[in-house]
Amino acid sequence: MLLFLAFTAGPVLGSLGMSFTDIRQRDLRTPFSVNGVGVDNYVKALQDETFRKAAFNTAYFVVIGVPLTLVLALGAAVLLDRGVKRFQALFKVGYYLPVVTSIVAIAVIWRFVLSPDNGLLNTVLGWVGIDGPNWLASKTWAMPSLIAMAAWRNFGSAMIIFLAGLQGIPDSVEEAGQIDGAGAWQRFRYLILPLLRPTILFTSVTTGIGYLQFFEEPFVMTKGGPLDSTLSVSMYTYNQFGFGNYGLATSMAYILFVVIAVITFIQFRLLREK
């Protein structure tokens, strides 16, 4: 309880209080001399064009990235559970390895893949006569590039959970479907997916929360550019802390917290067991 109060509840409540003040970096020596500003920081954040741009980028990242990651994870889990019997452990390790690999190492790999001059992707496109763009310097392609990188990096975690869910479904369920004349797709759509509902809920919630807070990808790959096209809410909040605008930064963090809570509640309502 003491550890919780000192390192979790205390900082959370302290940051919430900061969001209603005009505290800046210069006030750290005299924190009790700051002035209360009510909800002005929240209003200022919502009226900030850059913050709204970051919110749009984050929504774009989540709406495309979460379904893509979960589809890749479920597809890989089905293949491992039904198709690949030999070297299954090797495939599990291979798919999961990016999850535990340093983001710096991953950035080096993906910079090589996406390099405009001699990158792997543009080289392959050149073989078929396509002149690939400068992926990370293009306002059009920078965000899809980060989404692809995030999906590749994170689908292994959801895959392991989906695989556990699939292996927990009794074989008799599919056998009953086969006896009733259901095809492979019908068995998957009407038998397997409904039984995976708790697993889908867990993976969608955890992946969604992680993607709503996405920070590392733009920080190491694009620094939020070009022209803020990959700037996320978490990264903009981080920048405001760096500028010493602590009150404004904490208000942005709590706006993101409320959004995460609302979206998680909606996911629980939509995907709960019926």
Considering residues that are open to solvent by 40 Å² or more (accessible area, probe 1.4 Å) and either out of contact with any Pro (no Cβ under 8 Å at 6 or more places or on another chain) or over 27 Å from residue 232 (Cα atoms) (or both), the number found within region 111-124 is 8
Can you name every residue in region 198-247 that is assigned to a loop (DSSP other than H, G, I, E, B), of a type outside the set (S, T, N, Q) and over 17 Å from residue 144 (Cα atoms)? 243, 244
Name the one entry in 142, 164, 150, 158 that is of a type in the set (A, V, I, L, M) and surrounded by fewer than 19 Cβ atoms within 10 Å (Cβ to Cβ). 164
Taking into account only those residues within region 35-60 that are among the small types (Gly, Ala, Ser) and closer than 18 Å to residue 235 by Cα, which is surrounded by the fewest Cβ atoms within 10 Å (Cβ to Cβ)? 59
Can you tell me which residue among 5, 79, 13, 70 is touching a residue at least 40 places away in the same chain (Cβ under 8 Å) and either part of a helix (DSSP H, G or I) or more than 23 Å from the chain's Cα centre (by Cα) (or both)? 70
Members of region 144-197 found to be over 27 Å from residue 265 (Cα atoms) and part of a loop (DSSP other than H, G, I, E, B), listed by number: 170, 180, 181, 182, 183
Any residue that is assigned to a helix (DSSP H, G or I), at pLDDT 85 or above and touching a Leu at 6+ places or on another chain (Cβ under 8 Å) - is there at least one of those in region 27-44? yes
Out of region 199-230, which residues are of a type in the set (Asp, Glu) and within 15 Å of residue 107 (Cα to Cα)? 216, 217
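The values are calculated or read from the model by the stated rules, or taken from the named source; none is laboratory data. All values reported here derive from a predicted model rather than from experimental measurement. All Cβ positions, glycine included, derive from the backbone under ideal geometry; neighbour counts span all protein chains shown. Just so you know, the surface numbers come from the protein's heavy atoms only, side chains and all, with ligands and any DNA or RNA stripped out. Shrake-Rupley method; radii C 1.70, N 1.55, O 1.52, S 1.80 Å.
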